[in-house]
Structures are given as structure tokens and as C-alpha cells.
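Engineer: The structure follows.
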Amino acid sequence: MKTILTSHQLAITIKRLAHQVLENHINLENTVVIGIQPRGIFLSDQIVAEIKKQLPAKKIQYGKLDITFYRDDIRKELHEANQTDILFSIEGKKVVLIDDVLYTGRTIRAALDALLDFGRPEKVELCVLIDRRFSRQFPIQPDYVGKSIDSMVSQKVKVFWNKKDGKEEVVFTH
Amino acid sequence: MSLSSKHLLGIRDLTPADISIILKTATQFKEVLQRPIKKVPSLRDVTIVNLFFENSTRTRISFELAERRLSADVINFTTSASSVSKGETLLDTVNNILSMKVDMVVMRHSASGAPHFLAQHIPAAIINAGDGINEHPTQALLDSFSISEKIGKLKGTKVAIIGDIMHSRVAQSNIYLLKKMGVEVTVCGPPTLIPKYISQALNVNVSYNLKETLEWCDVANVLRIQLERQNQVLFSSLREYSLAYGINRRMLDSLKKDIVIMHPGPINRGVELDSDVADSRQSIILQQVENGVAVRMAVLYLLSGRNPSDN
């Protein structure tokens, strides 16, 4: 296992991502934050917590989106569905989608389809912790990137989260 | 992740893990049904035929809505408007429909075991929407879903099933399901409408006293008297049945706690349930109907995973 980000680096990166989102969405007046289930929400939880530190008085519209029913590989394998939790309208809002690893782009394709069933957002941006460059199967690019890496198809990138896995780091696994 | 069976013929064949997956997936579909666009694309490559050889309002509409909400292509079939009345056999009818590339069959039939027979002869996934006096699995699933939604859990809950147990596929499926999930079950009704060895066979309590049963239970699932399935006199009149086993407001008010009232529909008002009970805030009858769509979406979704050709 080769480490991509240690727990210390991860914390700094998440802080930076939160600040970059804030930079583009001062006050988050017309912006909503949506984490993608199941593993994107650990990142979005932390980014939202960081944003709240900067804007303590602000109520941030934050939701969680599950894309299981929108996947394009249902006939290969069924995946367990997770809770979707979007208790506000996204009509005319700017949406920041958050996921842990961007690889083929298929998850984000499904997420965009799922998102549009909640209304017509003014703009959708993508924030990811790890961008596996040159491996995209759809024309999808992130707006905020924690770290870009070059990887082989045979390699797997795994993000561990304290809440879920008891440790926090990003590694290559084989 | 998938179910242990390719078909949903009855609750009897499901494992507790299967039931948990279905109920959990139904929770997610219930959320889908609250969205501005209540539709997901999961089954857009699937064609489903609804074969109803017996009358139905709720189940047929509920299945059809579930199918359409999953983006499946839907064909409806009712016996009266088909060649069945010209003498075509069940297997011929279904094989002809399947040759038009249909992937899943939802079937209701008045003969117990009809879907099991089909499952042995055709490759498509079959979902039993009620077969004779045998099983009605999706009704039991939506009943349990509604109980756990209302009470917050299934295990350890006390459920009474009241009425015509003998002729009720809803009762049988409910008993199988509730026992698998660790629920205490009492069946209650006139002795002539309760199978003699049911307590040994299905491990349920039997009571002939409505008041005692209502005192005991957290949830009362009240069934309709199935006059269409009775070919002998098992009670003297509907009025007499209603006096002994009909639930009215006064009776509910005399209990020490608020119990939950359920009914699979159609209700015979004034027979098994009085109107002021059926429409009271203790009744979750309409929530059951609402949950039916989500539960059926979950079943269809979980059974659609496999390609019919690879068996």
C-alpha cells in the first residue's frame, strides 16, 4: 500500500477545498452542498463543518444524494441503496456536488441525472478529493480538486475515513 | 447484493436477510416518491406484463405505478378481455406473451400454486400478486413495512391478525413474514374460520375472543370475510359475525392503549370494521396503500437484476 495522502495532509486538503468553495460562493446565499452516497458524504460532512467554522451564523443547505437507482451497470450487479436526504429545493440554485474519488465519471453522470429529478439548478460544480487523471470514460471534469494523481487501471485508490474505517488516509491498494 | 430467489412466489421461500433487503430498499424508494419527479430510470430496459386472472384494484394499480415509476415498459392483461375465455391454457397464454420479449411477469390467479407452476416452465422472473388461498407476498411486505414505519421496529412487536384466517392469503403471507422477523402473532376469529392445527404448524397463538386479543396486541391487522371463497356455511350471517368480531369505536376506546389498525382492503364497512374505526387516526390503512408502491418498486428492482436468459 502506497500512501497518497496522510491523515495530516488530508485535513489540510479538506480545509483548502472548503475555502475554495467559499471563495466562489461568498456567503453561500444561493448555493447548496450535496454529498454523494455512500462514501462522498464523509468528505462533504467535513467540508460543510469547515465552512460552518467560517460562517458560524449561516445556515447551510446541505443534502445527501444516493445514485444507486441511476447507475448504468444495474444489469451487471445490484448495489445496496443508501439514504437520499435533500430537504430543500435546488430549483435555480448553485449546486456543489462532492465525492471522494473521481475516476471514470460514471458516478457523476448518474448523480447529474438524479440531481435533475429534484429541479433545475442554475449551475452544478464538482468537488472531489482525488482526481484520477486520464481515466475518464465521460466528458466530466472537477472544479475543485484535493489532489490529482496518475494511476493505472489495475490500481485502486481507497480513501479511509475515521467515522467509517477508524483511520483517515488515502492509499493505493492492489 | 441480490435476493436468494429469482422469483417472488411467496414469503415462505424468503430468508430473513431477503426480507430485510426488500424493506430497506423500499425505504429508499419511498423517498423517491416524495421527489418533484417521482421516477427513476432503473428498469428502463425491462418489460413487465401484469397478468390478472382475478379482480383487483389496489394491487394492480399499485404494481403498475411501481413499474412505471421505475421506467419499465408495462403491458396489462385481464382475463375477461383475452383469449383465455376462448379456452387457451395458462402456459400457452404466458408463453405467447413471453415470445414478445417480456422480462418479468406479475401474476394474480384464483388457483393456489399457479405462479409456482409457471415458474417451473418459463424463464422470466415471476412475482406473485396473490394466488388463491395460498400467498400474497407483496401485501405482507407492505404490511410489515407499515408496521415498522409506524412502531419503529418489527422484532418484539405484537401483531393480531383478525378475521377469516382460513381463506386469507394475506394472513398466511403475513404469518410467514412476521414469524421470520421475530414478531409475536395471534390469529383471532370464529373457530370455523381458523385452521385447526395452525398454532402447531405456524407457531402462532390462537384466540376466539376479540376483546382479549385487542388488549394484547400493538397492531391489529383486520381481514375481510372472503365470501367469494366460501362454499359452505362457516358462520350464520354477516350481522352475527360483525357482532362478535367487528371492531367499533367503543371497543377501541375501552382499551388501555392506542393500538394500530390495519386492513389490506377492500373494507366491508360495518362488518369487520366500523367506519369511525377505519377512518380514525389509529388507522394506517391509507399509509399501507401508499407504502405498497414503494415496496413493490423494491421487489421489482431487486428481481430485475438478473437477465432472464442466464437463469
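Engineer: Among the residues in the stretch A:49-72, are any touching a helix residue (DSSP H, G or I) at 6+ places or on another chain (Cβ under 7 Å), free of Cβ contacts under 8 Å to residues at least 12 places away in the same chain, within 14 Å of chain B (Cβ to nearest Cβ) and crowded, with 20+ Cβ neighbours inside 10 Å?
Structural biologist: Taking every residue of the stretch A:49-72 in turn, none turns out to be touching a helix residue (DSSP H, G or I) at 6+ places or on another chain (Cβ under 7 Å), free of Cβ contacts under 8 Å to residues at least 12 places away in the same chain, within 14 Å of chain B (Cβ to nearest Cβ) and crowded, with 20+ Cβ neighbours inside 10 Å.
Engineer: So which of A:112, A:126 is free of Cβ contacts under 8 Å to residues at least 24 places away in the same chain and closer than 14 Å to residue A:34 by Cα?
Structural biologist: Values: A:126 fails: free of Cβ contacts under 8 Å to residues at least 24 places away in the same chain.
Just a single option satisfies the conditions, and that option is A:112.
Engineer: For the subset of the stretch B:4-18 comprising residues that are in contact with a strand residue (DSSP E or B) (Cβ under 7 Å, 6 or more places away or on another chain) and either without any contact (Cβ under 8 Å) to a residue 60 or more places away in the chain or farther than 21 Å from residue B:155 by Cα (or both), which member is nearest to the other protein chains (Cβ to nearest Cβ)?
Structural biologist: For the stretch B:4-18, the residue satisfying everything is B:6.
Engineer: So if I check each of B:281, B:296, B:224, which one is assigned to a helix (DSSP H, G or I) and either within 20 Å of the chain's Cα centre (by Cα) or among the charged types (D, E, K, R) (or both)?
Structural biologist: The unique qualifying residue is B:296.
Engineer: Let me ask something additional. Tell me whether the stretch B:19-26 contains one or more residues that are farther than 29 Å from residue B:266 by Cβ, within 14 Å of another protein chain (Cβ to nearest Cβ), in a helix (DSSP H, G or I) and in contact with a Leu (Cβ under 7 Å, 6 or more places away or on another chain).
Structural biologist: First pass over the stretch B:19-26, keeping only residues farther than 29 Å from residue B:266 by Cβ: B:20-21, B:24.
In the following step, the residues that additionally are within 14 Å of another protein chain (Cβ to nearest Cβ) were identified as B:20-21, B:24.
Next, from what is left, pick out any that are in a helix (DSSP H, G or I): B:20-21, B:24.
Within this subset, residues satisfying the condition of being in contact with a Leu (Cβ under 7 Å, 6 or more places away or on another chain) are B:21.
Yes, the stretch B:19-26 contains at least one residue that is farther than 29 Å from residue B:266 by Cβ, within 14 Å of another protein chain (Cβ to nearest Cβ), in a helix (DSSP H, G or I) and in contact with a Leu (Cβ under 7 Å, 6 or more places away or on another chain).
Engineer: Still on this structure: Right, residue B:114: surrounded by 13 or more Cβ atoms within 10 Å (Cβ to Cβ), touching a residue at least 12 places away in the same chain (Cβ under 8 Å) and within 11 Å of residue B:130 (Cβ to Cβ) or not? Even if it seems obvious, please write down each step before you answer.
Structural biologist: Details: surrounded by 13 or more Cβ atoms within 10 Å (Cβ to Cβ): yes; touching a residue at least 12 places away in the same chain (Cβ under 8 Å): yes; within 11 Å of residue B:130 (Cβ to Cβ): yes.
Against the criterion (surrounded by 13 or more Cβ atoms within 10 Å (Cβ to Cβ), touching a residue at least 12 places away in the same chain (Cβ under 8 Å) and within 11 Å of residue B:130 (Cβ to Cβ)), residue B:114 qualifies.
Engineer: For residue B:52, which of the numbered conditions (1) in contact with a Ser or Thr (Cβ under 7 Å, 6 or more places away or on another chain); (2) more than 30 Å from residue A:88 (Cα to Cα); (3) crowded, with 18+ Cβ neighbours inside 10 Å; (4) within 14 Å of chain A (Cβ to nearest Cβ) fails to hold?
Structural biologist: Just one mismatch for residue B:52, condition (4).
Engineer: May I pose another question? Given the structure, is residue A:80 assigned to a loop (DSSP other than H, G, I, E, B), within 12 Å of chain B (Cβ to nearest Cβ) and within 23 Å of residue B:24 (Cα to Cα)? Give the steps one after another, and end with the answer.
Structural biologist: Working: assigned to a loop (DSSP other than H, G, I, E, B): yes; within 12 Å of chain B (Cβ to nearest Cβ): yes; within 23 Å of residue B:24 (Cα to Cα): yes.
Judged against the criteria, residue A:80 is a match.
Engineer: Another question, if that's okay. Need a quick list: helices (runs of 4 or more DSSP H) entirely within the stretch B:55-170 having at least 2 residues that are within 14 Å of chain A (Cβ to nearest Cβ). Outline the logic, then answer.
Structural biologist: On the way: elements: B:58-69, B:90-98, B:114-121, B:137-151.
Filter on the stretch B:55-170 gives B:58-69.
Engineer: Could you list, ordered by first residue, the pairs with Cβ atoms under 6 Å in which the first is in the stretch B:87-102 and more than 14 Å from residue B:50 (Cβ to Cβ) and the second is assigned to a helix (DSSP H, G or I), at least 6 apart or interchain?
Structural biologist: Correct list of pairs: B:91/B:121.
Engineer: Among all residue pairs at least 6 apart or on different chains, which show Cβ distances below 7 Å where the first residue, located in the stretch A:2-13, is surrounded by fewer than 13 Cβ atoms within 10 Å (Cβ to Cβ) and the second is β-branched (Val, Ile, Thr)?
Structural biologist: A:2/A:171; A:3/A:171
Engineer: Let me ask another. What is the residue count in the stretch A:90-104 for residues that are within 10 Å of chain B (Cβ to nearest Cβ) and exposed (fewer than 14 other Cβ atoms within 10 Å of the Cβ)? Walk me through how you get there before you give the answer.
Structural biologist: From the stretch A:90-104, those within 10 Å of chain B (Cβ to nearest Cβ) are A:90-91; that's our starting set.
From the residues that got through so far, the ones that are exposed (fewer than 14 other Cβ atoms within 10 Å of the Cβ) too are A:91.
Counting residues in the stretch A:90-104 that are within 10 Å of chain B (Cβ to nearest Cβ) and exposed (fewer than 14 other Cβ atoms within 10 Å of the Cβ) gives 1.
Engineer: May I ask you to list the residues in the stretch A:25-48 that are in contact (Cβ under 8 Å) with a residue 12 or more places away in the chain and loosely packed, with under 14 Cβ neighbours inside 10 Å?
Structural biologist: Taking the stretch A:25-48 as the starting set, the residues that turn out to be in contact (Cβ under 8 Å) with a residue 12 or more places away in the chain are A:25, A:27-28, A:30-48.
Answer for the stretch A:25-48, where residues must be in contact (Cβ under 8 Å) with a residue 12 or more places away in the chain and loosely packed, with under 14 Cβ neighbours inside 10 Å: A:27, A:30.
Conditions tested, residue by residue: (1) buried (at least 19 other Cβ atoms within 10 Å of the Cβ); (2) aromatic (Phe, Trp, Tyr); (3) over 16 Å from the mean Cα position of the chain (by Cα); (4) in a strand (DSSP E or B).
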position: A:120; (1), (2), (3), (4): no, no, yes, no
position: A:126; (1), (2), (3), (4): yes, no, no, yes
position: A:142; (1), (2), (3), (4): yes, no, no, no
position: A:147; (1), (2), (3), (4): no, no, no, yes
position: A:151; (1), (2), (3), (4): no, no, yes, no
position: A:159; (1), (2), (3), (4): yes, no, no, yes
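Engineer: Another question, then. I'd like the full set of residues that are closer than 19 Å to residue B:255 by Cβ and under 16 Å from the mean Cα position of the chain (by Cα), limited to the stretch B:168-221.
Structural biologist: Correct list: B:220, B:221.
Engineer: Kindly indicate whether residue B:205 is under 20 Å from residue B:154 (Cβ atoms) and either in the same structural domain as residue B:272 (by TED's automatic domain parsing) or in contact with a Phe, Trp or Tyr (Cβ under 7 Å, 6 or more places away or on another chain) (or both).
Structural biologist: Numbers: under 20 Å from residue B:154 (Cβ atoms): yes; either in the same structural domain as residue B:272 (by TED's automatic domain parsing) or in contact with a Phe, Trp or Tyr (Cβ under 7 Å, 6 or more places away or on another chain) (or both): yes.
Yes.
Engineer: To continue, here is another question. For the stretch B:32-49, which positions are buried (at least 16 other Cβ atoms within 10 Å of the Cβ) and either free of Cβ contacts under 8 Å to residues at least 40 places away in the same chain or at the interface with chain A (Cβ under 10 Å from one of its Cβ atoms) (or both)? First the steps, then the outcome.
Structural biologist: Keep residues of the stretch B:32-49 that are buried (at least 16 other Cβ atoms within 10 Å of the Cβ), which gives B:32-33, B:40-43, B:46-49.
Result: B:32, B:40, B:41, B:42, B:43, B:46.
Engineer: Let me ask something else about it. Search the stretch B:195-221 for residues being among the β-branched types (Val, Ile, Thr) and not in a strand (DSSP E or B), and hand back the single one that is farthest from residue B:288 (Cα to Cα).
Structural biologist: Just the residues of the stretch B:195-221 that are among the β-branched types (Val, Ile, Thr), to begin with: B:198, B:204, B:206, B:213, B:219.
If we keep only those that are not in a strand (DSSP E or B) too, we end up with B:198, B:204, B:213.
Numbers: B:198: 26, B:204: 23, B:213: 22 Å.
Among residues in the stretch B:195-221 that are among the β-branched types (Val, Ile, Thr) and not in a strand (DSSP E or B), the one farthest from residue B:288 (Cα to Cα) is B:198.
The values are calculated or read from the model by the stated rules, or taken from the named source; none is laboratory data. Please read all numbers here as calculations on a predicted model, not as lab measurements. Neighbour counts are summed over all protein chains in view; Cβ atoms, including those assigned to glycine, are modelled from backbone coordinates with ideal geometry.
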